[in-house]
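One structure is given here, and the rest of the page talks about it.
The values are calculated or read from the model by the stated rules, or taken from the named source; none is laboratory data. None of the values given here were measured: they were computed from a predicted structure. Here the Cβ positions follow ideal geometry from the backbone for every residue, glycine too, while neighbour counts run over all protein chains shown. For accessibility, only protein heavy atoms count, side chains too; no ligands or nucleic acids. Shrake-Rupley method; radii C 1.70, N 1.55, O 1.52, S 1.80 Å.
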Amino acid sequence: MSKTYDLAIRNARVYDGSGGPWRDGDVAVKDGRIAEIGKVSVSEASLTIDAEGRAVSPGFVDPHSHADCIAVVSDGDSKVIQGVTTEIGGQCGISLAPVNRERVNLLRDYLKPFIPKEAMSDFDWSDSGEFMDKIDKNGHATDIAMMTGHGTIRLAVMGFDDRKPTDGELEQMKKLLRRELESGCIGMSTGLIYPPGCFADTPELVELCKVTASYGGIYATHMRSESADLLKAVKEAIATAEQSGCRLHISHHKVVNDYKGLSEETLKLMEEARGRGVDVTCDVYPYTAGSTLISVLLPQWAKEGGVEKMLTRLASKEDRERVKTDLRRDVPGWDNFVKGATYAKILICSAVKDQSIVGKTLQDIADERGKAPDETLLDLILEDKGENTVVIDSQSDFDNVNIMKHPLAMIGSDSIPTSMTGKLATGKPHPRCFGTFPRALGNFARDRGLFPLETAIWKMTGFPAWRYGLHDRGLIKNGLIADFVIFDPKTIDGSADFLNPRQAPTGLHRVIKNGVVVVEDGRFLGRSLGRTVRRSGV
């Protein structure tokens with residue numbers, strides 16, 4: 001006689017992802033969906049897991065991920081072992097589609113720092129629909145919904161030109177954006193500190209957001225500033241949404257240390273915008289250090305035209321001196337991370353030629369080489385052609401906490417998937433790759449008392465799923481996808497640190513995807529059950 005359910009989780013403390021109070025009970029699964037919540041008999045299930053009083057939550061939904069960067073050719077385990085079962089990729093204006101065959105080399109150079117050499121793709125697709133088809137053919141550890149990157153769209157039409165688009169070029173960008181949304185993307189993202197996105201003005205963004213809004217999509221923005229021009233950047237993001245009618249999501253909201261306290265004003269701006277009917281939210285990661293490309297440390301003018309032109313400038317004595325001058329001062333419209341963090345708080349995460357520099361600060365490397373740190377920085381960019389990634393410790397903990405606890409903020413990782421072993425296990429990635437969500441539950445909810453556990457879980461399950469229109473997940477509710485995390489609230493935490501990032505979180509017992517156990521006691525079982533999640537109606 002066949003069993004009624006495929007899986008039963010018994011003796012659980014169920015946190016359903018709604019932000020409401022937990023309750024004791026069981027959860028049953030049939031055909032990858034939640035079939036019953038309440039009391040389930042052992043005899044009714046093919047497999048029974050005794051949670052032994054541990055917490056059971058929905059699988060975590062990462063609202064800010066760069067999972068798409070390696071999704072076709074590799075299957076990193078860093079996200080799923082921390083409980084993530086769904087990711088929103090294509091963020092910060094950086095996506096792997098659309099592809100213009102005439103500019104594919106520019107796109108490859110644009111993406112090199114995000115994709116390990118062993119995992120670099122051949123870009124044999126034209127739009128995100130074809131790209132997602134390829135992911136689905138291979139399978140993935142997590143489900144992935146896609147944003148389309150404004151930077152990639154602009155690159156396909158204009159390359160790295162620092163100018164306004166012509167009317168014809170703007171129409172080409174809008175046409176590509178429509179194709180991306182029709183092929184399954186759920187919105188458009190921008191990276192307004194990265195070329196070519198940084199070369200776009202507000203009217204260009206408004207016109208593209210009008211297209212996004214017409215498809216019911218969302219606009220997610222890595223704003224132009226997180227320091228001196230932060231308030232101006234937030235106002236631009238809100239104005240773009242207000243003028244276009246598009247929903248707005250501010251990515252990895254943060255404040256640089258020198259401007260501590262500004263989050264009180266940025267959050268007020270968001271609240272006031274919502275009062276006028278502008279639909280705005282944000283995400284935040286639970287660390288005061290971020291990670292990005294080493295080239296973000298250069299002024300914008302040095303990056304105009306793409307990687308090769310940038311390297312040519314750094315090899316020029318005159319341009320090199322101009323860069324060094326800018327590194328010592330404030331330049332309007334550019335966040336000077338070197339000045340804000342200092343060379344002693346910028347850590348090299350990855351290298352191409354000299355692996356000995358990985359895990360060292362720019363100041364450490366400069367001291368070893370007997371050179372000035374600004375010269376060392378420019379030398380490193382030339383040596384590895386701008387492909388290094390860095391961790392920059394420059395953010396205000398006060399503002400990080402202030403943003404995290406705000407009702408408009410959800411938890412995101414802003415990370416590229418990596419793995420514990422194999423070809424992706426290179427360099428020293430940001431510990432958020434392995435520990436974002438357990439750290440929010442442990443360090444911030446439990447230890448610092450920032451919010452109740454129910455609220456923390458809402459910020460990483462129901463809230464992001466609702467925000468991005470993924471209505472079949474994020475809650476423990478009958479009929480929804482059976483993705484769960486089983487963990488001990490007393491011991492859950494992200495154990496990874498900056499020098500030893502490849503560590504599984506503590507206190508995480510099991511991760512279940514589509515009703516199947518995929519992680520057990522910090523070990524990925526190799527079951528790639530994830531698929532792409534496409535815009536409703538596609």
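Computed over the chain, the per-residue total of -39500 (n - 2.57) for DSSP H runs of n ≥ 4 gives a 222 nm mean residue ellipticity of -8500 deg cm²/dmol, rounded to 500. Protection proxy ranking for 320-331, 511-522, using the average of other Cβ atoms within 10 Å per residue and placing the highest first: 511-522, 320-331. For each pair in LYS112/LYS137; LYS260/LYS490; LYS405/LYS490, compute the distance between the two Cα atoms and list the pairs where it is over 26 Å. In this structure, LYS260/LYS490 lie more than 26 Å apart at Cα.
Extension gain for THR312-LEU382 works out to 24.3 nm (0.36 nm per residue, less the C-alpha to C-alpha distance). Tally Lys/Arg at +1 and Asp/Glu at -1 over every other residue whose Cβ is under 11 Å from the Cβ of TYR468; what's the total? Computed value for this residue: +1. Using a probe of 1.4 angstrom and keeping all protein chains present, the accessible surface of the chain works out to 36 square angstrom per residue. Using C-alpha pairs under 8 Å with a sequence gap of at least 6, the mean separation divided by the residue count of the chain gives a relative contact order of 21 percent. On the beta carbon distance between ASP521 and GLN355, with R0 = 25 Å, the FRET formula returns roughly 0.20. FRET efficiency for the pair ASN105 and ASP136, taken as 1/(1 + (r/R0)^6) with r the Cβ-Cβ distance and R0 = 35 Å, rounds to 0.80.
Taken along the Cα-to-beta-carbon direction at a fixed 7 Å, the label points for TRP301 and SER536 span 4.9 nm.
List the lysines whose Cα sits under 23 Å from the Cα of LYS324, skipping any in the same chain fewer than 8 residues away. Correct list for LYS324: LYS303, LYS309, LYS339, LYS345, LYS360, LYS371, LYS385. Tell me the net charge near SER263. Cut-off is 14 Å between Cβ atoms, SER263 excluded, with +1 for each Lys or Arg and -1 for each Asp or Glu. Taking every Cβ under 14 Å from that of SER263, the sum is -4.
Here each label is just a point 7 Å from Cα along the line to Cβ, and for LYS39 and LYS210 those points are 6.1 nm apart.
Between ASP319 and LEU231, what is 0.36 nm times their sequence separation minus the Cα-Cα distance? Round to one decimal in nm.
Net length gain for the segment: 28.6 nm.
What a 1.4 Å probe finds exposed on the chain is 48% carbon and sulfur by accessible area, rounded to a whole percent. Packing, taken as the mean count of other beta carbons within 10 Å per residue, orders the peptides 357-364, 191-198, 296-303 from highest to lowest as 191-198, 296-303, 357-364.
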